[in-house]
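S.K.: I am attaching a structure below and will ask some questions about it afterwards.
The values are calculated or read from the model by the stated rules, or taken from the named source; none is laboratory data. Because the structure is predicted, anything quoted here is derived from the model rather than measured. No Cβ is skipped: glycine too gets one built from the backbone with ideal geometry, and neighbour counts run over all protein chains shown. Side chains are part of the model used for accessible areas, which takes the heavy atoms of the whole protein and leaves out ligands, DNA and RNA. Shrake-Rupley method; radii C 1.70, N 1.55, O 1.52, S 1.80 Å.
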Amino acid sequence: MKRKLVIGNWKMNGGRQANAQLLADLKPGVAALDGVEVALCPPYPYLAQVAELLAGSTLKLGAQSLSRFDQGAHTGEVSAQMLREFGCQYVLVGHSERRSLYGEDDRLVAEKFAAALRAGLLPVLCVGESLAQRRNGETEAIISVQIRALLDLIGIQGLTSGVIAYEPVWAIGSGETATPAQAQAVHAHIRDLLAEQEPALAAATPIIYGGSVKADNAGALFAQADIDGGLIGGASLDAAAFTAICRAARD
Ligand code: PEP
């Protein structure tokens, strides 16, 4: 059975003291869960602190974004290599908040994904439709466009060297989750898209779900055939809720 992956996205939350408390509360319950890989993505300034607090545990470190460039005159940007140097293994690309609030389009997201791969990071490509697109029956078409932008730039081998996160925009931070059947249908569509290119790689690529995953809905989502784990926003800031979600991935 494939290992499940649960990633906590802290977004722009946290502080030195709050981070230390959260990790102290979290580590005993989520470290060394059989068959589950757990990663945390704090804001950039706390990467060093969180790396230090995670040292010696099985929990992995990730970042929430990165530059598409490797180095140079790019004020305010952070490169993939810098993230590596701070112990990151994962990095999110194309989160819907980056797309909608900071104008990141499919091309830029693909370039960031490629930059992450060049540095040996595992990029997590976030894709998802808006509520209007779902209501118009455009969900599969939108997801296909978002994924094909990656395929065009880096090919199936590159795309399947990372992780895909299906995050319906209408479910992020809204308290409204896709039903397990709705999520599974989109995950199966993503798997089919990859399989059209290379069946073996499609089967091996983790496809995780994000969008108001909580302790009480995680089990049903993770039980779906093509859901390989979760990308967790709000609930990752609550030690008890995040621990329960990670345990649901194990069960
Ligand atoms: C996210 O930020 O990726 C996310 C899924 O947030 P939430 O769990 O709060 O909906």
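S.K.: Work out from phi, with θ = phi - 60° and the Karplus expression 6.51 cos²θ - 1.76 cosθ + 1.60, the ³J(HN,Hα) of each residue of segment 108-118, listed in order in whole Hz, and give x for Gly and Pro.
M.R.: 5, 4, 5, 5, 5, 4, 5, 4, 5, 4, 4
S.K.: Here is a follow-up. Work from the charge dipole of segment 152-251 (Cβ charges, +1 for Lys and Arg, -1 for Asp and Glu, about the Cα centre) and give the residue of Gly155, Ala215, Leu193 farthest towards its positive end.
M.R.: Sorting the options by dipole projection puts first Ala215.
S.K.: Within segment 43-59, find all residues whose amide N lies under 15 Å from a label point positioned 7 Å from the Cα of Arg16 along Cα-to-beta-carbon.
M.R.: Counting backbone N atoms under 15 Å from the label point, the list is 45-53.
S.K.: Show that you can apply the helix-only estimate: for the chain, add -39,500 (n - 2.57) for every DSSP H stretch of four or more residues, divide by all residues, and state [θ] at 222 nm to the nearest 500.
M.R.: Value at 222 nm, helices only, nearest 500: -14000 deg cm²/dmol.
S.K.: Further question: Segment 1-79 to segment 185-251: how many Å between their Cα centroids?
M.R.: About 18 Å separates the Cα centre of segment 1-79 from the one of segment 185-251.
S.K.: Pairs of Cα atoms under 8 Å, at least six residues apart: use those to get the relative contact order of segment 125-213, whole percent.
M.R.: 37
S.K.: Enumerate the calculated ³J(HN,Hα) couplings along segment 244-251 in order (Karplus 6.51 cos²θ - 1.76 cosθ + 1.60, θ = phi - 60°), each rounded to whole Hz, writing x wherever the residue is Gly or Pro.
M.R.: Values per residue, Gly and Pro as x: 5, 5, 5, 5, 5, 5, 5, 6 Hz.
S.K.: When every alpha-carbon pair in segment 103-251 is counted, what percent end up more than 26 Å apart?
M.R.: Distances greater than 26 Å cover 23 percent of the Cα pairs.
S.K.: Inverting the mean 1/r over all pairs of different Cα atoms, compute the Kirkwood radius of segment 44-85 and quote it in Å.
M.R.: In segment 44-85 this quantity evaluates to 11.4 Å.
S.K.: Assign unit charges at the C-beta atoms only (+1 for Lys and Arg, -1 for Asp and Glu), then state the dipole size of segment 1-118 relative to its Cα centre in Debye, rounded to the nearest 20.
M.R.: 200
S.K.: Using +1 on the beta carbon of Lys and Arg, -1 on that of Asp and Glu, and nothing else charged, what's the dipole of the chain about the Cα centre, debye to 20?
M.R.: 420
S.K.: Could you list, bin by bin from short to long, the percent of Cα-Cα pairs of the chain in 5 Å steps?
M.R.: For the chain, the binned pair fractions read 1, 7, 15, 19, 21, 18, 12, 6, 2, 0 percent.
S.K.: Now, a different point. Can you bin every Cα-Cα distance in segment 118-165 into 5 Å intervals starting at zero and give me the percent of pairs per bin, rounded to whole numbers?
M.R.: So the P(r) values, bin by bin, are 5, 21, 26, 20, 12, 11, 4, 1.
S.K.: Whole-Hz Karplus ³J(HN,Hα) for segment 174-187, in order, using 6.51 cos²θ - 1.76 cosθ + 1.60 and θ = phi - 60°, x for Gly and Pro?
M.R.: With coefficients 6.51, -1.76 and 1.60, one gets 9, x, 9, 9, 4, 5, x, 5, 5, 5, 4, 4, 6, 4 Hz.
S.K.: In vacuo Debye scattering of segment 2-148, one point per C-alpha: log10 I(q)/I(0) at q = 0.09, 0.10, 0.18 Å⁻¹?
M.R.: With one equal scatterer per Cα and no solvent, log10 I(q)/I(0) is -0.31, -0.39, -1.09.
S.K.: Mean-square fluctuation check for the chain, GNM, Cα pairs under 10 Å: which of Ala80, Ala183, Ala203 is largest?
M.R.: Ala203
S.K.: Could you order Thr205, Thr160 so the one with the most accessible surface comes first? Probe is 1.4 Å.
M.R.: Thr160, Thr205
S.K.: Considering only protein heavy atoms, what per residue accessible area in square angstrom results for the chain with a 1.4 angstrom probe?
M.R.: Spelled out: the 1.4 Å probe surface of the chain, per residue, equals 44 Å².
S.K.: Enumerate the amide H contacts of Val91 below 5 Å, restricted to partners 5 or more residues apart or on another chain; note that Pro and chain-start residues carry no placed amide H.
M.R.: The answer is Ala63, Leu122, Val124.
S.K.: Further question on the same structure: Out of the total accessible area of the chain (probe 1.4 Å, heavy atoms of protein only), what percent is carbon and sulfur?
M.R.: So the carbon and sulfur contribution to the accessible surface is 51 percent.
S.K.: Rank these by accessible area, largest first, 1.4 Å probe: His95, His74.
M.R.: His74, His95
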